[in-house]
């Protein structure tokens, strides 16, 4: 299994003010913790994804990745709107584990998705064989589709199935229609089935049948060749007990698919989308 989405951090309140105190997130979550979690779940490879919008984190993640064969790729952050972003890309892209870039668009106004300087930066990624991780909320799907259409040469991976407005027993029609529209674009290389549990209301007990329904809808929309397993660890620990719990849940969702489809979703799609080295 390849976990296509997790984070790492040396915790402090200044840099991670969004992390709730007195939770499993409010502590160091680094290579030893990742190794313990993945081993318990039977996960043999991962992709580490940025959690801070500073260039130093890209370097930090690459440094950690260099210490372990477990981390097979890094999706980092670069200042895409900066005139000098090309120098950052030229420095980072040659690293064999630097496979993609992400900006936390979910926190930006809709106008940011269409900024010319942002798109100037995005347009440089294909030349470095880098993918773009698209992080957004369900309500941002229409403007995100405009972004995707402005970058036909950029291979894009949708994080956390576009963070739906999750409610037990119901799948929002706006999410369905928005995802179906995105799926028409061939340069959407994949969608990560991850991050869903933290989109339910905090006071709501998550119904496993609703989680399964989101998986089945995602599979129907994007097909077994574009859906990929991810955990969003350690953020997922806000709503579930362990990394292994989520891994087992996804294994259960795919258990009636063909062996090839199971292998694709649990490992091969992520390898292909990010061009991971063997």
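Assorted remarks:
- When 115, 102 are checked against the criterion of being surrounded by fewer than 20 Cβ atoms within 10 Å (Cβ to Cβ) and either over 15 Å from the mean Cα position of the chain (by Cα) or free of Cβ contacts under 8 Å to residues at least 60 places away in the same chain (or both), a single residue qualifies: 115.
- Helices (runs of 4 or more DSSP H) fully within region 76-158 counting 2 or more residues that are touching a helix residue (DSSP H, G or I) at 6+ places or on another chain (Cβ under 9 Å) and more than 25 Å from residue 199 (Cα to Cα): 85-92, 116-122
- Any hit, region 158-171, residues being closer than 17 Å to residue 271 by Cα, buried (at least 16 other Cβ atoms within 10 Å of the Cβ) and either within 18 Å of the chain's Cα centre (by Cα) or in contact (Cβ under 8 Å) with a residue 12 or more places away in the chain (or both): yes
- For region 11-43, a residue qualifies if it is farther than 19 Å from residue 238 by Cβ and without any contact (Cβ under 8 Å) to a residue 60 or more places away in the chain, and the qualifying residues are 14, 31, 32, 35, 39.
- The requirement of being touching a strand residue (DSSP E or B) at 6+ places or on another chain (Cβ under 6 Å), without any contact (Cβ under 8 Å) to a residue 60 or more places away in the chain, more than 18 Å from residue 277 (Cβ to Cβ) and buried (at least 20 other Cβ atoms within 10 Å of the Cβ) is not satisfied by residue 74.
- Total residues in region 12-51, condition part of a loop (DSSP other than H, G, I, E, B), closer than 27 Å to residue 92 by Cα and modelled with pLDDT of 95 or more: 6
- Answer residue from region 1-11, given it is in contact with a helix residue (DSSP H, G or I) (Cβ under 6 Å, 6 or more places away or on another chain) and in a strand (DSSP E or B) and is farthest from residue 77 (Cα to Cα) among those: 2
The values are calculated or read from the model by the stated rules, or taken from the named source; none is laboratory data. Quick caveat: nothing in here was measured; it's all calculated off a predicted structure. Note: ideal-geometry Cβ built from the backbone for every residue, glycine included; neighbour counts use all protein chains shown.
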